[in-house]
Amino acid sequence: MDYKRYLITAALPYANGPVHIGHLAGCYLPADIYSRYQRARKKDVKFVCGSDEHGVPITIRAMKEGTTPQDVVDKYHAVIKDSFEGMGISFDIYSRTSNQIHHETSQAFFTKLYNDGVFEVRESEQYYDEAKDMFLADRYIVGTCPVCGNENAYGDQCEKCGSSLSPEQLINPRSALSSAVPVKRKTKHWYFPLNKYEPWLHEWIVAGKKDEWKPNVYGQCKSWIDSGLHPRAMTRDSNWGVSVPLPDAKGKVLYVWFDAPIGYISATKELTAQWSDYWCKEDTRLVHFIGKDNIVFHCIIFPAMLKAHGGFVLPDNVPANEFLNIEGEKVSTSRNWAVWVDEYIKDFPDQQDTLRYVLCANAPETKDNDFTWKDFQDRTNNELVSVFGNFVNRTFVLMHKLCGGRVPPVHNGLLTDADKAMADEIVLARQKIENCLDNYKFRDGLYEVIDLARKGNKYLQDNAPWSLSKTPELQVENQKRIDICLHVCLQLTANLAIYVNPFMPFTSAKMIRMMKVVERMLEWENGGRMDLLKVNYPLRAPELLFRKIEDTEVAAQVEKLKNNLKNASQVKMENNTPSPESTTAPAPAEAPAKKAEISIDDFSKMDLRVGTILKAEKVEKADKLLKLELDMGDETRTVVSGIALHFKPEEIIGKQVTVVANLAPRKMKGIESRGMILMAQNPDGRLIFVSPLDMAAPGSEVR
């Protein structure tokens, strides 16, 4: 379809802290690259985002800082907005969900569904703090972890051993607000009947998006749909958020994942009076850029909400990246194990494109990737400085030295096969980059840009115009050869400025300033042309595009990470004031005894297969057991696994696991279990799935 408009969104970050480079790599940088590319193609683009300022994380941060939720969101909204601007993320608007227009838009959306009879009203029991006279979210409940004994575990997770928990599993639960013992009370909420939209979602996603969406996105959606969808509460008991617009809903707000995606709509309303053109006309391409943890909300829940409301376009694509680790460990904001964007900008002024380049070149597009400061240094010095920057600098230096600082003539009749081949490479590079960006393969697209610069370096080295200037007896003929070579290199430089602009806009701006051309030259249709710089046009002296990263800078950043981790641990101890017993780290588990050697024949008897978890539920009267239904490719199997203390059933739906498929069946609590899930156990006792790095077809053999 020939789309007239592009509505591009990036996931709304929580305004409960700064953004880190994992956020950039996950969705904001890819979204910016795509938006800049479409603008260069002269498309009608609206790139919208904003701070998500409601939900439990905001109120938790307010408690920690001894302030109000409004003060928290005001503080971090400004920090996040400045960070994005500093990194060149080119939003057309960066709004916030505390704005009045967002409250009105969200309430109107809810009211439309309510009036249409979409919601189901249900009562349930939830924990209540009688001292504070309020219902408690999971994070407001603390107690003793049943896995490691930490006395300050939260109701959703123990941050000491990493176990996923529920409030019911905590020993001696208490309110984090008042230390009172919580009680169960009935509360009423409005549920969105997601199950009723399951057939439509199956047709739209499973039948319609298989070849369009990334495998990780499609696979997770299919697993959710195949396992059966259920009604979800769209309201919460809280005094912070968008008030439910009903007379009998005092003290209730909209569920943050109901109002947050509507933030894309309200931000567009704030941006333009023609907002409905971008949200309601079918010739609009809506693209959501997100991280993998937001797939279900953007691909299943929000589209179902839009379908129920009616009149809105649906997302054409939802390119979701995996996670970016730091120095071999998962990012942890609570442990301060992160590279914060605002701090990077202070530590590396005028080096925004360096980080943009490294994050894109190492983007976690198909699997979790790792950021290290050594890799940051190596990519900067060996690729940006030595390849891209080196080519541009050498071309300008030689042009000033051998051609009087002006674009030399081309002497068409004297072009060699190498000259023509270089011109062909410039045209071919545009086609390759377009194909990558149209298919959301930004890492591959950036590689093509750098590879073109690499080919330019080889062309320049093979022609060696500096050596031709040393033979005066052939001065006229040699000067023509020098002119042609540097003319080709200068046209290549102009094309590189066009191709690199979506990825590294600050670098592109430097290049057009050196070439004394207007920004209009960066329009995508100019890519591949060999007449972008006019003959005899004077160019400015070269300026270095990048600088090398020194060993001392890398060492300082690694040390900073370690100190942040140490300080965060100390602050947590002081704030939690745990008992002496809980300040002691759990004793490392003894290394498991090595088992007797086996032969390859013994190993070959095991049939290891990849399975995808379709359903998970607790086994009655068995605290440690989960009943799992696994997609094994050619069949669905039931496996009973003793992992209930480590994982909530709803958290592992769609997870891929390694299964011993030929294990003899056995009955556990009356359920026949046909197989065993392979798990790894950390020294702290935490279990980890043994899973394939990339999405594999269910039933694939593990060798």
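The values are calculated or read from the model by the stated rules, or taken from the named source; none is laboratory data. Values in this document were obtained by computation on a predicted structure and should not be read as measured data. All Cβ positions, glycine included, derive from the backbone under ideal geometry; neighbour counts span all protein chains shown. The area values use the complete protein model at the heavy-atom level, side chains included, leaving out ligands, DNA and RNA. Shrake-Rupley method; radii C 1.70, N 1.55, O 1.52, S 1.80 Å.
Taking into account only those residues within region 97-135 that are among the aliphatic types (A, V, I, L, M) and farther than 30 Å from Leu271 by Cβ, which is least open to solvent (accessible area, probe 1.4 Å)?
Met134
Return a yes/no flag: does region 243-255 have any residue that is touching a His at 6+ places or on another chain (Cβ under 7 Å), over 30 Å from Leu630 (Cβ atoms) and crowded, with 22+ Cβ neighbours inside 10 Å.
no
Looking at region 660-682 only, could you name the residues that are within 23 Å of Arg703 (Cα to Cα) and modelled with pLDDT under 75?
Scanning region 660-682 gives a single hit, Gln681.
On the given criteria, is Phe323 open to solvent by 10 Å² or more (accessible area, probe 1.4 Å) and under 14 Å from the mean Cα position of the chain (by Cα)?
Yes, satisfied.
Checking the condition in contact (Cβ under 8 Å) with a residue 40 or more places away in the chain, basic (Lys, Arg) and buried (at least 21 other Cβ atoms within 10 Å of the Cβ), which residue from Arg335, Arg356 passes?
It is Arg356.
Taking Tyr94 as the residue in question, decide whether it is in a strand (DSSP E or B) and open to solvent by 20 Å² or more (accessible area, probe 1.4 Å).
On the way: in a strand (DSSP E or B): yes; open to solvent by 20 Å² or more (accessible area, probe 1.4 Å): yes.
Here the answer is yes, as Tyr94 does meet what is asked.
Among the residues of region 237-282, count how many are among the acidic types (Asp, Glu), at pLDDT 95 or above and under 21 Å from Gln70 (Cβ atoms).
The number of residues fulfilling the criteria is 2.
Given the residues Tyr6, Tyr14, which is the only one that is over 30 Å from Glu327 (Cα atoms) and of a type outside the set (A, V, I, L, M)? Break it down stepwise before answering.
Details: Tyr14 fails: over 30 Å from Glu327 (Cα atoms).
Residue meeting the stated conditions: Tyr6.
Which one is most open to solvent (accessible area, probe 1.4 Å), of the residues in region 49-67 that are touching a residue at least 40 places away in the same chain (Cβ under 8 Å) and either charged (D, E, K, R) or more than 24 Å from Thr235 (Cα to Cα) (or both)? Reasoning before the result, please.
From region 49-67, those touching a residue at least 40 places away in the same chain (Cβ under 8 Å) are 49-61, 63-64; that's our starting set.
Keeping just the survivors that are either charged (D, E, K, R) or more than 24 Å from Thr235 (Cα to Cα) (or both) gives 52-53, 61, 64.
Numbers: Asp52: 7, Glu53: 0, Arg61: 74, Lys64: 136 Å².
The qualifying residue most open to solvent (accessible area, probe 1.4 Å) is Lys64.
Could you please tell me which pairs satisfy a Cβ distance under 8 Å, a separation of 6+ or placement on different chains, a first residue in region 405-425 that is more than 13 Å from Gln491 (Cα to Cα) and aliphatic (A, V, I, L, M), and a second residue that is open to solvent by 60 Å² or more (accessible area, probe 1.4 Å) and outside any loop (DSSP other than H, G, I, E, B)?
Hits for this filter: Leu414/Lys480; Ala418/Asp462.
Restricted to region 525-573, and to residues that are in contact with a helix residue (DSSP H, G or I) (Cβ under 6 Å, 6 or more places away or on another chain) and farther than 30 Å from Gly404 by Cα, which residue is most open to solvent (accessible area, probe 1.4 Å)?
If we take residues in region 525-573 being in contact with a helix residue (DSSP H, G or I) (Cβ under 6 Å, 6 or more places away or on another chain) and farther than 30 Å from Gly404 by Cα, then Val558 is most open to solvent (accessible area, probe 1.4 Å).
Only one of Ser179, Ser227 is small (Gly, Ala, Ser), surrounded by fewer than 20 Cβ atoms within 10 Å (Cβ to Cβ) and out of contact with any strand residue (DSSP E or B) (no Cβ under 8 Å at 6 or more places or on another chain); which?
Sole residue among the options that is small (Gly, Ala, Ser), surrounded by fewer than 20 Cβ atoms within 10 Å (Cβ to Cβ) and out of contact with any strand residue (DSSP E or B) (no Cβ under 8 Å at 6 or more places or on another chain): Ser179.
Filter region 68-85 down to the residues that are touching a helix residue (DSSP H, G or I) at 6+ places or on another chain (Cβ under 9 Å), over 12 Å from Asn16 (Cβ atoms) and open to solvent by 20 Å² or more (accessible area, probe 1.4 Å) and list them by number.
Listed by number, the residues that qualify are Thr68, Gln70, Asp82.
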